[in-house]
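Everything on this sheet refers to the single structure shown next.
Each value in this text was obtained by applying a stated rule to the coordinates, not by laboratory testing. Predicted model, so just to flag it, every value in this text is computed and none were measured. Virtual Cβ from ideal backbone geometry, glycine too; neighbours counted across all protein chains shown.
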Amino acid sequence: MLDQATTAFVFPGQGSQSVGMGAALAAQCPVARQTFEEADDLLGFALSKLCFEGPAETLTETINAQPALYVAGIAAMRSLYTVWGDTPFQPACVAGHSLGELTALTAAGALSFPDGLKLVRRRGELMQDAGQHSPGGMAALLGLDREAVEVVCTEAAKATEGIVVIANDNCPGQIVIAGDEATLAQAIEGATAAGARRAVRLPVTIASHSPLMTHVADEFRAAAEAMPFSAPVVPIIGNTQASQLTSIEEICAELGNQLISPVRWTESVQVMKGMGITTYVEFGSKNVLTGLLKRIDREAVGYVVDTPEGIEALK
């Protein structure tokens, strides 16, 4: 069903986590269950129980949500490969939204599962710490183009002398901004006045992909540079540059800038389209990236693998 030359594997970021994630796969696919058990052993606590049973408020904490999404993504991908058996399949490229970029690195063979989990856990710890040191928030703006949002952010920052920036360019008409509380509130008001269809606060207490992450960016950069990366087997489309990462040096540079730079997801999908990608397989939890896909490339086809039924569709 899938053509290696035109298929990309993609992995979601924070916000896609939900109680029950991975439970159905772990119940029916031994390799998924083994992946969660391996993660439990590596972390020293029952991440699997948190994913399968919650509570939601604990799962949603940055320090837990990030490793949960990483493990769920790898468990889902491994499960699909098990069903495919001896049939070799290598996607043309991989990509991940924000945190999902680290899952994509493991999928591409650039980072082992244990090392990837270690780095993801550290990323979650640092970002949670940044949220306490430099509190802020995020909001999704619907119905405004990027240029209009940039104006809104600039005007809000001038009014409060604070910080608010574009954090995620998710798809045409959906842009996420991040900043300190006062400036974020000012920007939401400005977006509404500028004609935004909706301005929705996200349930987070951190300002991801903004200068408010500067407090921990150097520590994450050092943690990434200490990882034993390998050259990726397939190209990775990086978030910050919206271009192919094909070497260890490019990967380290990308991760070094990731926490304080915007996620250029619209451009990343456009780059993949330019590579000839027509089909996207989303692994992990829910279908956020698949939902964005049609807003960027109307002709693209998306599949979601987060349950046994999703795997069955790709047999």
Legend entry - Sequence-distant aspartates and glutamates (8 or more away, or on other chains) whose Cα lies within less than 16 Å of LYS49: GLU37, GLU38, ASP40, ASP41, GLU57, GLU61
Legend entry - Inter-site label distance for VAL83 and ILE248 at 7 Å from Cα along Cβ, in nm: 3.6 nm
Legend entry - Using alpha-carbon coordinates, inclination of helix 181-193 to the longest axis of the chain, degrees: 80 degrees
Inset, instruction - For region 168-315, divide the Cα radius of gyration by the Kirkwood radius and give the resulting Rg/Rh value with two decimals. - result: 1.00
Inset, instruction - Any lysines with Cα under 23 Å of the LYS315 Cα? List them, leaving off those in the same chain fewer than 8 positions away. - result: LYS286
Inset, instruction - Step through the residues of region 275-285 one at a time and calculate ³J(HN,Hα) from phi using the Karplus curve (6.51 cos²θ - 1.76 cosθ + 1.60, θ = phi - 60°), rounding each to whole Hz and writing x for Gly and Pro. - result: 7, x, 6, 10, 10, 10, 10, 9, 10, x, 9
Legend entry - 5 angstrom amide H check on MET138, placed H, neighbours 5+ away: LEU202, VAL204
Legend entry - Mean projected area (nm²) of the alpha-carbon convex hull when region 136-204 is viewed from all directions: 3.6 nm²
Legend entry - Using θ = phi - 60° and Karplus 6.51 cos²θ - 1.76 cosθ + 1.60, couplings along region 137-143 (whole Hz; Gly, Pro as x): x, 9, 8, 9, 10, 10, x
Inset, instruction - Report the normalised scattering of region 43-108 as log10 I(q)/I(0) at q = 0.27 Å⁻¹, calculated by the Debye formula with identical scatterers on the alpha carbons. - result: -1.18
Inset, instruction - Calculate the spin-label point distance for GLU309 paired with GLU225, positioning each point 7 Å from the Cα along the beta-carbon direction, and give it in nanometres. - result: 4.8 nm
Inset, instruction - Diagonalise the Cα gyration tensor of region 228-315 and give the resulting equivalent ellipsoid semi-axes, square root of 5 times each eigenvalue, largest first, whole Å. - result: 25, 16, 13
Legend entry - Kirkwood Rh in Å, taken over region 1-116 so that all alpha-carbon pairs contribute: 14.4 Å
Inset, instruction - Output ³J(HN,Hα) for region 106-121: one whole-Hz value per residue in order, computed from phi by the Karplus curve 6.51 cos²θ - 1.76 cosθ + 1.60 with θ = phi - 60°, and x for Gly and Pro. - result: 5, 4, 8, x, 8, 8, 5, 4, x, 5, x, 5, 4, 5, 5, 4
Inset, instruction - Could you please tell me the mean projected area of the C-alpha convex hull for the chain, averaged over all directions and given in square nanometres to one decimal? - result: 14.8 nm²
